[in-house]
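Every number here is computed from the coordinates shown, using simple stated rules; none is lab data. These numbers were taken from a predicted model, which means no experiment stands behind them. Note that each Cβ is placed from the backbone with ideal geometry, even for glycine, and that neighbours are counted across all protein chains shown.
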Amino acid sequence: MNHLKDATARPLSFLKTVKAVLWSFFGVRKQSDHAEDVAKLNPVHIVVAGLLAAAVFIATLLLIVQIVVAK
């Protein structure tokens with residue numbers, strides 16, 4: 001339980017977490033950056049940023065499909 005408290009108190013901001021999540025969506029990441037993210041990113045921020053990025057991605061795809069089908 002103490003390990004979880006330590007993990008959620010990690011120092012990186014939510015914006016840096018969003019940046020790391022977007023890079024993971026792209027699929028390109030240096031090993032050294034990945035190791036730094038694992039050590040510093042807050043796991044709660046990662047989950048929230050991942051869900052938000054997935055929702056934006058799906059909404060964008062739906063919008064593109066709507067535009068193409070409407071023409």
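The HN-Hα couplings worked out from phi for segment 17-32 by the Karplus form 6.51 cos²θ - 1.76 cosθ + 1.60 (θ = phi - 60°) are 5, 4, 4, 5, 5, 5, 5, 5, 5, 5, x, 10, 7, 6, 4, 5 Hz, whole numbers, x standing for Gly and Pro.
Could you rank the peptides 43-52, 29-38 by their average count of other C-beta atoms within 10 Å per residue, with the highest value first?
Order by mean packing, descending: 43-52, 29-38.
Remark: spin-label model distance residue 24-residue 62 equals 2.4 nm, labels positioned 7 Å along the Cα→Cβ axis. Across segment 43-50, rounded Karplus estimates of 3J(HN,Hα) from the backbone phi angles (6.51 cos²θ - 1.76 cosθ + 1.60, θ = phi - 60°) give x, 5, 4, 5, 5, 5, 5, x Hz, Gly and Pro being marked x.
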